[in-house]
Amino acid sequence: MSAPLLTSLAEPDGDRPDALTVAGRSCSREALLGAAGAVAARIAGAPVVAVRATPTVETVTAVVGALLAGVPVVPVPPDSGPAERDHILRDSKAALLLTGPQGAADAGRHAPAGGAGSAGAPGPAAPGGAGPAPVETVPVDLAERAAWTGPEPDPKATAFILYTSGTTGAPKGALISRRAVAADLDALAEAWAWTAEDTLVHGLPLFHVHGLVLGVLGALRTGSRLVHTGRPTAAAYAEAGGSLYFGVPTVWHRVTQDPDAARALSAARLLVSGSAPLPAPVFRDLELLTGHRPVERYGMTETLITLSTRADGERRPGYVGTPLSGIRTRVAAEEGAEIGELQLTGPTLFDGYLGRPEATTGSYTEDGWFRTGDIAAIEPDGFHRIVGRASTDLIKSGGYRIGAGEVENALLDHPAVREAAVVGAPHEDLGQQIVAYVVADGVSEAELIDFVAGQLSVHKRPRKVRFLDALPRNAMGKPQKKLLPPA
Ligand code: MLC
Ligand code: AMP
């Protein structure tokens, strides 16, 4: 039989009552395992299950239950609007949606007709794929208990289908296997000396690699206590009293803006930053205020975390360290150049995009290396530096990856918008902020921001909208984003 993915749940006896805390509610590993066993019993045999990924104990229970039963999990951002949510549910073919305690009300802002809150027949599918996706809502009840006795699923099986943005079109579902998750968490535990003695603290969303795979499964695999703060605020991080902290650079920037909170982190063992470049001034201010030089690590949904500085090694501002155990890297630089596309191989890579063989093939070189789309340099001592992205149409805002094309399409769905071009403009706190340039009549900036926030997820909304008479275009009629006026 294969080894369990969630090692610390295999023998949860004698566990502390606050092994897991999410947004102020705690439970022991034993309670988590019992409630997750009940979820597993309810969904066993399903081809895939969606989880409305609120920052709650229920979400953790739902994910653990699905992993016990070997059912692939599709996390759905809890604030996603109908366009994004229906795409994720339809594309993944998820017929079940696990939700938190509020049942129907918790099924989302746009509960599907006929399906929400009921254990009955799924709602009718609208013709042509339009309208709400048919899905049966299954509430997670923490009071339920069942001992799950099924075998450990095949390590090659899919653990997660994580929806992630490309430069154009709707997000694609990246297939992440159980063995990729295990390999990544073990490599990170080694690099960061992460053990059951740690208390991990973070408040990141539970629908991406950072918050969910590292931030929840990492704790359940290493056996460390987990305190999820609900939201990643400086005050909540300071109060949590952890040894190991995760944050995106925006979170660390906000910590440095709250010196008292920052000083409270001095007692920690390791502060880890990732998901976007950590600005050198934030690195410096963190060191001044906390005494810690943060560990920086680099990753992607498709590859999980692949590069990091180490608990026992040098931490250099602007550098993401060396490859984790099992990962090989190379930079595909033009003759004579030092920078080029970062390419990777290793056991943490995904198994392709669901239902998109061409996109999967296109993400690999002919000799089988994954093309990250990030531009990097490797120093003679092996330290990696991420210089930027090959495409300006992938935006990183607050650590979220957002495709310009997806936001443009959402804007074009507004009846008043005739043309739209979306860019990521440099921003001190968010890294980049989304700026939309539109040609439109009779609509305000606030209306368009709310429209995108309502159709997609709130974090995909433009922070600014500029109205133009026409988009700059080349002779072929293609919009020229480089010629747009400054934000
Ligand atoms: C504002 N809000 C609106 C709104 N304007 N709601 C609806 N419509 C509008 N027009 C409300 C929201 O409801 C929400 O309320 C609040 O504003 C959110 O504010 P925000 O300004 O959007 O959030 P912000 O403070 O900018 O968020 C910063 C952040 C967030 C750091 C907390 O960006 C974040 O959580 N980032 C983490 C991203 C991440 O985990 N990436 C990892 C990807 S994996 P309320 O009440 O809810 O607050 C990866 C791999 C790797 O990259 O390497 O790790
Ligand atoms: P996502 O798919 O949301 O996981 O985003 C992956 C992208 O985040 C990568 O391709 C990088 O562009 C960026 N990224 C992640 N970690 C870092 C980091 N430490 N430094 C710079 N960019 C990063």
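Return the residues of region 262-277 that are within 13 Å of ligand 2 (Cβ to nearest atom) and open to solvent by 10 Å² or more (accessible area, probe 1.4 Å); say none if nothing qualifies.
Initially, region 262-277 is screened for residues within 13 Å of ligand 2 (Cβ to nearest atom), giving 272-277.
Passing the criteria: S275, A276, P277.
Tell me whether region 441-452 contains one or more residues that are within 21 Å of the chain's Cα centre (by Cα), crowded, with 21+ Cβ neighbours inside 10 Å, away from ligand 2 (no atom under 16 Å from the Cβ) and at pLDDT 95 or above.
Yes; the residues of region 441-452 include at least one that is within 21 Å of the chain's Cα centre (by Cα), crowded, with 21+ Cβ neighbours inside 10 Å, away from ligand 2 (no atom under 16 Å from the Cβ) and at pLDDT 95 or above.
Go through region 376-385 and count every residue that is within 16 Å of ligand 1 (Cβ to nearest atom) and either open to solvent by 50 Å² or more (accessible area, probe 1.4 Å) or within 27 Å of K481 (Cβ to Cβ) (or both). Even if it seems obvious, please write down each step before you answer.
If we filter region 376-385 for residues that are within 16 Å of ligand 1 (Cβ to nearest atom), which is where we start, we get 376, 384-385.
Keeping just the survivors that are either open to solvent by 50 Å² or more (accessible area, probe 1.4 Å) or within 27 Å of K481 (Cβ to Cβ) (or both) gives 376, 385.
Total meeting the criteria: 2.
Would you tally the residues in region 453-487 being part of a helix (DSSP H, G or I) and open to solvent by 80 Å² or more (accessible area, probe 1.4 Å)?
2
Quick check, is L304 more than 11 Å from ligand 2 (Cβ to nearest atom), within 21 Å of the chain's Cα centre (by Cα) and under 30 Å from T164 (Cα atoms)?
No.
Assigned to a helix (DSSP H, G or I), under 18 Å from H292 (Cβ atoms) and not small (G, A, S): which single residue out of L217, L200, L212, L188 fits that description?
Details: L217 fails: under 18 Å from H292 (Cβ atoms); L200 fails: assigned to a helix (DSSP H, G or I); L212 fails: under 18 Å from H292 (Cβ atoms).
Exactly one residue qualifies, and that residue is L188.
Restricting attention to region 178-222, which residues are within 11 Å of ligand 1 (Cβ to nearest atom) and more than 17 Å from L349 (Cα to Cα)?
H202, G203, L204, P205, L206, F207, G211, G215
From the list T7, T61, which one is modelled with pLDDT of 95 or more and closer than 25 Å to D184 by Cβ?
Values: T7 fails: modelled with pLDDT of 95 or more.
Within the list T7, T61, the selection yields T61.
Within the set of pairs 6 or more residues apart or between chains, which connect a residue that is under 15 Å from T392 (Cβ atoms) inside region 465-487 to a residue that is exposed (fewer than 10 other Cβ atoms within 10 Å of the Cβ) with Cβ atoms less than 8 Å apart?
These pairs meet every condition: Q480/N474.
Could you look through region 359-373, keep only residues that are free of Cβ contacts under 8 Å to residues at least 40 places away in the same chain and assigned to a strand (DSSP E or B), and pick out the one that is most open to solvent (accessible area, probe 1.4 Å)? Step through it out loud before you land on a result.
Taking region 359-373 as the starting set, the residues that turn out to be free of Cβ contacts under 8 Å to residues at least 40 places away in the same chain are 360-362, 364-369, 371, 373.
Subsequent filtering for residues that are assigned to a strand (DSSP E or B) retains 364, 371, 373.
Details: Y364: 62, R371: 108, G373: 12 Å².
If we take residues in region 359-373 being free of Cβ contacts under 8 Å to residues at least 40 places away in the same chain and assigned to a strand (DSSP E or B), then R371 is most open to solvent (accessible area, probe 1.4 Å).
Among G388, G424, G398, G405, which is open to solvent by less than 50 Å² (accessible area, probe 1.4 Å) and within 13 Å of ligand 1 (Cβ to nearest atom)?
G398
Rundown of residues vs (1) within 16 Å of ligand 1 (Cβ to nearest atom); (2) closer than 30 Å to K93 by Cα, yes/no style:
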{"position": "D285", "(1), (2)": "no, no"}
{"position": "P294", "(1), (2)": "yes, no"}
{"position": "Y298", "(1), (2)": "yes, no"}
{"position": "R315", "(1), (2)": "no, no"}
{"position": "S325", "(1), (2)": "no, no"}
{"position": "L342", "(1), (2)": "yes, no"}
{"position": "R356", "(1), (2)": "no, yes"}
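Report those helices (runs of 4 or more DSSP H) wholly inside region 231-302 carrying at least 3 residues which are among the aliphatic types (A, V, I, L, M).
Numbers: elements: 234-240, 249-256, 259-264, 280-290.
In region 231-302, the matching helices (runs of 4 or more DSSP H) lie at 234-240, 259-264, 280-290.
With the requirement that a residue be free of Cβ contacts under 8 Å to residues at least 24 places away in the same chain and assigned to a loop (DSSP other than H, G, I, E, B), what does region 316-358 give you?
E334, E335, G336, A337
The values are calculated or read from the model by the stated rules, or taken from the named source; none is laboratory data. This one's a predicted model, so the numbers in the text were calculated from it and none came from an experiment. Neighbour counts run over all protein chains shown; Cβ positions are idealised from the backbone, glycine included. With ligands, DNA and RNA removed, areas are computed over all heavy atoms of the protein, side chains included. Shrake-Rupley method; radii C 1.70, N 1.55, O 1.52, S 1.80 Å.
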